[in-house]
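A short write-up of the structure that comes next.
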Ligand SMILES: Cc1ncc(COP(=O)(O)O)c(C=O)c1O
Ligand SMILES: Cc1ncc(COP(=O)(O)O)c(C=O)c1O
């Protein structure tokens with residue numbers, strides 16, 4: 001169980017230890033968490049969200065935990081909590097639909113016909129893009145396809161797509177099916193990068209040297225910004241630079257990066273990117289996805305599949321079947337946008353605008369370092385002997401510049417029982433099969449207190465599982 | 001201004017005239033509308049919807065009409081009215097999101113992970129399909145593309161797509177861009193069918209003979225079920241039969257047909273179809289779209305673009321990048337479904353199930369015949385001389401089997417001022433450029449009283465426009 005190797009993370013720990021000393025508390029004390037929370041300038045943003053109560057979760061065991069308490073929600077990397085304003089905005093638009101019906105398309109504060117455009121400037125600033133480099137449309141997998149159709153133009157010599165071996169399944173299927181669409185063979189055209197033997201994450205230098213070595217044959221590099229399983233944050237600027245040096249197109253799936261880490265897509269020169277909004281962007285299951293096409297590609301890269309929503313707004317309703325394609329990513333839009341999905345995203349984006357990504361990231365680095373420190377001090381230190389049984393290992397990089405908020409713990413033995421014990425105690429996180437426990441303290445609504453409670457619950461869960469295992473209790 | 005030529009429509013008029021006589025009222029009297037409404041078994045369904053009030057519409061003129069009255073809503077072909085239950089269902093799922101957060105995917109009455117599947121049986125029955133022939137996903141234009149990618153396989157000899165010259169713009173762009181994707185030339189591969197010289201709608205025999213004549217070179221026939229501009233209902237059974245005889249694939253865009261006319265996609269043997277849900281299906285702007293792939297194509301036609309939602313549910317979450325593609329249309333799904341969009345559609349589909357398409361269609365035929373009759377009796381008869389100025393013409397077929405609920409009036413002169421006058425008086429319908437006024441009495445919520453009021457308002461509007469025109473008032 002190895003922690004805290006890099007310089008930067010050692011600094012973070014130093015900082016936390018100094019703070020504890022200043023306040024005259026132990027770093028593992030609950031009171032330290034309270035001090036950190038009361039010094040957190042973003043603390044009040046939690047009030048903007050609905051946090052589930054223990055008693056409402058069917059899996060929690062009210063013999064073990066007070067039902068009136070809020071859950072320790074560490075699953076914002078999977079589904080973000082609900083901003084309270086979502087309901088308000090939805091009700092406003094329901095009211096408008098009730099009162100104006102079809103006139104809602106052009107009337108009111110959110111004319112439905114360009115509601116997506118109204119919220120795209122705040123979306124753009126979260127990914128570090130210009131407003132017209134961003135579109136809100138469809139689901140993430142749909143956007144991956146639409147973008148690859150335009151950006152993946154294999155030739156005899158250059159026909160590969162570079163991706164991680166452990167890419168998210170949808171990305172994997174997207175890439176394989178795109179390759180097959182060109183009558184090419186996925187086994188030879190999918191260039192899978194894998195960690196070194198015995199390692200779990202990709203080394204930056206290995207990624208860059210693969211690009212340099214194989215770049216001639218690579219048409220598109222498509223990596224995630226933050227890896228969904230390991231929580232590793234890739235160095236998108238260097239990857240983009242290296243890819244471009246070799247003449248490759250570079251794109252990113254930002255599902256786990258958007259709203260989690262700071263992004264500068266425009267500045268980095270990324271060619272295209274897309275993301276979903278139901279994780280860190282808190283838009284609700286099946287929320288509208290985003291897409292980015294760099295300004296420099298605005299006139300050179302055109303959508304392959306076209307619909308009326310890619311047509312210039314002036315021309316769109318003349319019904320003359322004349323196409324004046326909007327340059328750039330907005331020309332990729334096919335169908336009219338959804339009122340409801342724009343409402344829920346707007347409610348969340350407003351909070352991001354107010355909190356700002358730099359401030360969120362600053363808190364996030366500290367919050368996750370605190371989680372790491374407590375895991376080490378409380379779990380690793382106090383229960384070393386018993387824990388050997390579980391063969392626990394943290395697979396997320398310890399270096400804050402190589403990760404977002406999520407820490408992933410590999411639990412080779414009894415991982416499902418651990419999750420069950422956590423859930424019985426009112427903690428919410430998840431396991432990605434076969435055995436990766438993902439824990440994501442989200443700076444927008446998670447507190448240092450949450451982290452402290454979580455680590456205690458994790459320890460209790462570990463011990464309960466080990467005890468049951470020893471006593472052969474299922 | 002020509003009406004009522006066909007046998008069937010003459011029967012309908014006969015029926016109405018007999019009813020009026022039985023009740024001892026004039027067919028043009030408002031009291032006749034009241035009688036018809038009180039004999040309408042579907043009358044109470046209007047209560048399930050929010051009908052806009054005149055005072056809430058910014059364009060209405062409270063000097064001309066009582067603000068407390070409900071609008072005459074004849075625009076359900078563009079955007080359906082809101083079922084009152086939409087808000088209830090949305091609030092239930094917001095509550096679930098607030099209380100259960102990520103557990104909502106598998107818990108509760110509508111587990112989000114298969115919420116779309118929960119409502120597809122009622123969707124399937126509206127289009128006359130088996131449940132596993134239908135998927136709810138994306139927007140309509142997106143689905144058109146996904147289906148064409150799988151069904152349009154041009155060869156040297158057979159590479160054309162047959163469509164209407166006046167196809168909806170998005171369909172037109174979809175088809176043109178699909179053809180270009182195959183490096184073919186849209187001008188030669190788009191086989192546009194046009195009405196005869198001087199006619200506005202396509203004759204069945206012309207369509208069928210074109211298919212017979214050109215069928216050898218046609219890869220896909222893609223027509224609308226009901227034409228958005230003219231309101232013409234195509235004979236989908238015969239077209240499918242004729243297309244299959246010539247070896248063509250046959251698909252339909254049902255945007256204006258679904259929830260409007262009875263459909264038997266399975267029985268007709270249609271290969272594929274898709275539709276939006278915000279018109280007659282009342283799911284709100286940007287609602288989730290539908291797609292149909294016939295059972296017989298289940299194993300022979302595979303999606304070209306693949307995502308994790310097309311993967312078998314057992315395999316989907318194992319994160320092993322192993323694909324076990326769901327056979328048929330559900331294998332075309334790419335992204336996880338939206339909670340909100342499923343809620344709004346569910347609220348509406350339940351009403352359809354209760355009312356039933358056969359009953360709705362029965363009322364619809366009578367309601368639209370009544371509209372046609374009143375247009376003839378009130379407008380054409382009473383104001384013939386003045387109306388010559390407008391060169392009015394109904395372009396929708398008079399035969400009920402060749403139309404849904406919509407009637408389209410061509411108003412070559414002063415059409416925009418006519419729409420404005422209608423709106424000032426609390427009527428809602430639309431003009432599709434340049435000059436087609438579309439009027440759609442929807443059997444689910446429109447009454448015979450609405451139709452009567454509408455025709456009176458239309459007459460008043462015509463006269464007001466003519467008067468202003470004569471007096472040079474803008
Ligand atoms: C016939 C037809 N096809 C396609 C569309 C495009 O729909 P969407 O924006 O939902 O893709 C419409 C929209 O009104 C339509 O009427
Ligand atoms: C990295 C990544 N890519 C793609 C997807 C697929 O998303 P969607 O269902 O929104 O298309 C997800 C969903 O969790 C994801 O995490």
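The values are calculated or read from the model by the stated rules, or taken from the named source; none is laboratory data. Keep in mind it's a predicted model, so treat the numbers as computed, not measured. Using ideal geometry, Cβ is built from the backbone for each residue, glycine included, and neighbour counts are taken over all protein chains shown.
Given the criterion within 30 Å of residue A:142 (Cα to Cα), under 19 Å from the mean Cα position of the chain (by Cα) and within 12 Å of chain A (Cβ to nearest Cβ), identify the matching residue among B:307, B:286. Of the residues listed, the single one that is within 30 Å of residue A:142 (Cα to Cα), under 19 Å from the mean Cα position of the chain (by Cα) and within 12 Å of chain A (Cβ to nearest Cβ) is B:286. Here the condition is being touching a strand residue (DSSP E or B) at 6+ places or on another chain (Cβ under 6 Å) and facing chain B (nearest Cβ under 10 Å); of A:102, A:134, A:113, A:86, it holds for A:102 alone.
Among the residues of segment A:240-260, those identified as within 16 Å of ligand 2 (Cβ to nearest atom) and either in a helix (DSSP H, G or I) or more than 14 Å from chain B (Cβ to nearest Cβ) (or both) are A:251, A:252, A:254, A:257, A:258, A:259, A:260. In segment A:207-235, the residue that is farthest from ligand 2 (Cβ to nearest atom) out of those that are under 23 Å from residue A:441 (Cα atoms) and surrounded by fewer than 23 Cβ atoms within 10 Å (Cβ to Cβ) is A:235. Scan segment B:290-313 for residues that are within 16 Å of ligand 2 (Cβ to nearest atom), within 26 Å of residue B:220 (Cα to Cα) and assigned to a loop (DSSP other than H, G, I, E, B) and the total you get is 4. Inspection of segment B:155-164 identifies no residue that is within 11 Å of chain A (Cβ to nearest Cβ), away from ligand 2 (no atom under 16 Å from the Cβ), farther than 21 Å from residue A:150 by Cα and part of a loop (DSSP other than H, G, I, E, B). Taken over segment A:261-287, the criterion of being within 10 Å of ligand 2 (Cβ to nearest atom) and outside any strand (DSSP E or B) is satisfied by A:276, A:277, A:278, A:279, A:285, A:286, A:287. As a summary of the residue check, residue A:362 satisfies the conditions (1) in contact with a helix residue (DSSP H, G or I) (Cβ under 8 Å, 6 or more places away or on another chain); (2) over 30 Å from residue B:170 (Cα atoms) except for the one numbered (1). Among the residues of segment A:174-189, is any assigned to a loop (DSSP other than H, G, I, E, B), within 10 Å of another protein chain (Cβ to nearest Cβ) and touching a residue at least 24 places away in the same chain (Cβ under 8 Å)? No, segment A:174-189 contains no residue that is assigned to a loop (DSSP other than H, G, I, E, B), within 10 Å of another protein chain (Cβ to nearest Cβ) and touching a residue at least 24 places away in the same chain (Cβ under 8 Å).
If only residues of segment A:324-343 that are assigned to a loop (DSSP other than H, G, I, E, B) and away from ligand 1 (no atom under 14 Å from the Cβ) are counted, the one that is nearest to the chain's Cα centre (by Cα) is A:328. Residue count for segment B:173-201, restricted to those that are more than 25 Å from residue B:145 (Cα to Cα) and either within 16 Å of ligand 1 (Cβ to nearest atom) or exposed (fewer than 13 other Cβ atoms within 10 Å of the Cβ) (or both): 5. None of A:194, A:201 is at negative phi, more than 14 Å from chain B (Cβ to nearest Cβ) and away from ligand 2 (no atom under 13 Å from the Cβ) except A:201.
For segment B:67-85, a tally of residues being in contact (Cβ under 8 Å) with a residue 24 or more places away in the chain and part of a loop (DSSP other than H, G, I, E, B) returns 10. Could you please let me know if residue A:185 is modelled with pLDDT of 95 or more and touching a strand residue (DSSP E or B) at 6+ places or on another chain (Cβ under 9 Å)? When the stated conditions are applied, residue A:185 does not pass them. Within segment B:289-304, which residues are within 18 Å of residue B:124 (Cβ to Cβ) and facing another protein chain (nearest Cβ under 10 Å)? Across segment B:289-304, the qualifying residue is only B:289. Determine whether segment A:224-237 contains at least one residue that is over 22 Å from residue A:143 (Cα atoms), in a strand (DSSP E or B) and at pLDDT 95 or above. Checked segment A:224-237: at least one residue is over 22 Å from residue A:143 (Cα atoms), in a strand (DSSP E or B) and at pLDDT 95 or above.
Restricted to segment B:30-67, and to residues there that are under 26 Å from residue B:283 (Cα atoms) and exposed (fewer than 14 other Cβ atoms within 10 Å of the Cβ), the residue that is farthest from the other protein chains (Cβ to nearest Cβ) is B:41. Of all residues in segment B:86-139, those that are outside any helix (DSSP H, G or I) and without any contact (Cβ under 8 Å) to a residue 24 or more places away in the chain total 5. If the condition is being out of contact with any helix residue (DSSP H, G or I) (no Cβ under 8 Å at 6 or more places or on another chain) and touching a residue at least 40 places away in the same chain (Cβ under 8 Å), then segment A:195-215 contributes A:200, A:210, A:214.
The single residue among A:218, A:161 that is touching a residue at least 60 places away in the same chain (Cβ under 8 Å) and more than 25 Å from the chain's Cα centre (by Cα) turns out to be A:218. Got at least one residue in segment A:380-398 being away from ligand 2 (no atom under 16 Å from the Cβ), part of a helix (DSSP H, G or I) and within 17 Å of the chain's Cα centre (by Cα)? No, every residue in segment A:380-398 fails to be away from ligand 2 (no atom under 16 Å from the Cβ), part of a helix (DSSP H, G or I) and within 17 Å of the chain's Cα centre (by Cα). Of the residues screened, residue B:170 is one that is within 12 Å of chain A (Cβ to nearest Cβ) and either at pLDDT 95 or above or more than 16 Å from ligand 1 (Cβ to nearest atom) (or both).
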